[in-house]
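Working notes for the structure below.
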Amino acid sequence: MINYIDYPRNDVLCIDMRSFYASVECVKRGLDPMQTLLAVVGDKKRSGSIILAASPELKQRHGIKNVSRYFDLPDDPAIHVVEAKMGDYLKVSVEITKLVNEYVPKEAIHQYSVDELWVTANGLENLHGNRWMVAKMIKQELYETMGLTCSIGIGDNKFLAKVVMDLYAKKAGIAECTYEDVETKLWPIPVEEIWGIGRRMMRNLNRMGIVTLGQLASQPLQRLKKRFGVMGEQLYWHAWGIDLSPVIGNFQKQAQKGFGHGITLLRDYHQDEVCACVLDLAEEVCRRARTAKQAGRTIHLGVGYSQETGGGFNRSRSVNLPTNVTMDVYNVCMQLFNEFYDQQSKIRRVFVTLDHLYDDEETQLDLFEDTTKHKDIGYVMDQIRDRYGPTSLLRATSFTDAGVTLERSKKIGGHKA
């Protein structure tokens with residue numbers, strides 16, 4: 001058994017907004033998010049468009065899930081079908097964070113996604129009461145001021161708060177799991193229902209005879225480390241409810257390992273069309289690198305073929321000097337494409353990545369090429385776009401049918417803004 005006295009206890013809340021996109025759309029229309037049948041789709045013009053969110057009532061009555069397709073919706077006149085407006089959801093997400101910030105300082109808020117966040121409620125007893133009372137106050141205020149419902153998990157660390165929210169709070173509204181509750185509340189649960197364990201890991205664990213979290217906890221630490229490496233060690237400690245992740249700090253500042261940009265194309269592309277798409281992607285990757293004052297030595301190109309043929313390739317190549325010049329990255333990507341592309345395949349997905357980063361100020365000059373001039377052009381183009389908008393200055397290929405920048409500029413996160 002683990003002696004939990006040796007491990008820190010914090011008052012951590014994991015707040016998850018219920019059917020967030022669908023709830024926001026209901027509130028915008030003056031409808032009850034918990035009673036209305038509403039589906040949020042990416043594009044109403046495409047029958048195969050994915051359902052990004054379904055209201056709780058739609059899920060319960062018709063079995064619709066967030067991975068269903070538009071054509072899966074039943075012929076029910078009571079169902080509201082709306083297109084996603086990502087800009088609206090981001091604005092509401094910011095307002096939710098501002099509301100939580102009235103209870104705790106910014107360094108106690110860890111935004112996990114647009115609709116989910118961790119909140120460390122340490123030291124609030126004199127102001128608001130214990131962590132249960134804080135959770136109830138936040139939940140009530142979110143409903144009264146925004147009309148939105150949420151589920152809140154309470155735990156001694158982030159892992160316990162997240163898992164108890166997923167397993168219990170989505171039905172109960174608020175649920176708690178302490179170290180002492182792990183054996184009764186978590187150990188009977190199948191491993192695939194535990195946050196952080198995907199299908200592949202589930203299959204690997206099942207092959208070892210591990211079906212529940214309790215069986216995972218009974219495994220020797222060394223056996224799991226030998227089988228899964230660092231991940232095995234994390235699985236072991238999580239099975240015992242232990243998570244040493246920081247609960248206070250600047251969670252927004254993270255070391256940038258690379259810059260990547262990709263797209264699933266709206267139609268199949270032929271070989272002669274790909275260059276325009278790759279150039280647009282390279283432009284965006286290099287713009288982000290220049291904004292961060294970074295340059296990279298390794299350029300990665302990924303191409304996915306259409307469903308007819310399947311497959312694709314992922315290849316990378318390093319250059320002698322770090323770069324954030326669009327044409328440098330584009331030229332290497334096209335070299336990779338010409339070398340590894342299957343001539344008979346149509347293309348549906350493309351992504352470009354720049355990594356192995358260096359500070360841009362530290363990069364060396366090339367004696368045989370005026371790289372400074374090329375970089376300066378890129379920075380000037382960025383300044384113009386920052387001032388007049390992202391589409392104020394584009395390359396000619398962006399205006400062709402194969403260009404992707406104009407269409408992407410109308411979206412946030414791949415969906416309409």
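The values are calculated or read from the model by the stated rules, or taken from the named source; none is laboratory data. These figures come from a predicted structure and were not determined experimentally. FYI the Cβ positions are ideal-geometry reconstructions off the backbone, even for glycines, and counts take in every protein chain you see. Remember, those area values only see protein heavy atoms, side chains included, never the ligands or the DNA or RNA. Shrake-Rupley method; radii C 1.70, N 1.55, O 1.52, S 1.80 Å.
Side notes on the structure shown:
- Counting only protein heavy atoms and a probe of 1.4 Å, the accessible surface of the chain is 51% carbon and sulfur.
- 10 Å Cβ shell holding at most 16 others, DSSP loop, GluC sites (Glu not before Pro): longest site-free stretch of the chain: 103-307
- Cα pair distances in the stretch 265-335, grouped into 10 Å bins until the bin that holds the longest one, percent each: 18, 49, 26, 7, 0
- One decimal place: the segment LEU99-VAL319 gains 74.4 nm when fully extended, by the rule 0.36 nm per residue minus the C-alpha distance.
- Cα gyration tensor, the stretch 311-358 - rounded (a/c under 1.5), prolate or oblate: prolate
- Solvent-accessible area per residue for the chain (1.4 angstrom probe, square angstrom): 52 Å²
- Area accessible to solvent at SER68, 1.4 Å probe radius, in Å²: 20 Å²
- Förster radius 35 Å - calculated FRET efficiency between GLU192 and PHE399 (Cβ-Cβ, nearest 0.05): 0.15
- Kirkwood hydrodynamic radius of the stretch 55-102, Cα pairs, Å: 13.1 Å
- DSSP H segments from the chain that extend 15 Å or more along their own axis, Cα-based, with Kyte-Doolittle mean of -0.5 or above: 86-101, 131-146, 274-291, 326-340
- Rounded, prolate or oblate (a/c below 1.5 giving rounded, otherwise prolate when a/b exceeds b/c) for the stretch 181-223 by Cα gyration tensor: oblate
- Over 18 Å [Cα-Cα, the stretch 12-136], rounded percent: 57 percent
- Under 15 Å from the LYS106 label point (7 Å along Cα→beta-carbon), backbone N, the stretch 213-256: 249-254
- The label-point distance for ASN122 and GLU183, in a model that sets each label 7 Å from Cα toward Cβ, rounds to 2.8 nm.
- Answer label for Kirkwood radius over Cα pairs in Å (calculated), chosen among (1) 25.8; (2) 23.1; (3) 24.6: (3)
- Under the combined filter of DSSP loop state and at most 13 neighbouring Cβ atoms within 10 Å, the stretch 268-351 retains these trypsin sites (Lys or Arg not before Pro): LYS293.
- For the stretch 134-209, the spread of Cα positions along the three principal axes, ordered from largest to smallest, is 49, 26, 18 Å.
- Prolate/oblate/rounded call for the stretch 1-77, Cα gyration tensor, a/c under 1.5 rounded: prolate
- Computed on the chain, with alpha-carbon pairs under 8 angstrom and 6+ residues apart, the relative contact order is 14 percent.
- Proximity of backbone amide H atoms, modeled 1.01 Å from N, is registered between HIS80 and LEU37, LEU38, ALA39 at under 5 Å, excluding neighbours fewer than 5 places apart on the same chain.
- Stretchable slack from ASP32 to GLN335, in nm (0.36 nm times residue separation minus alpha-carbon distance): 103.6 nm
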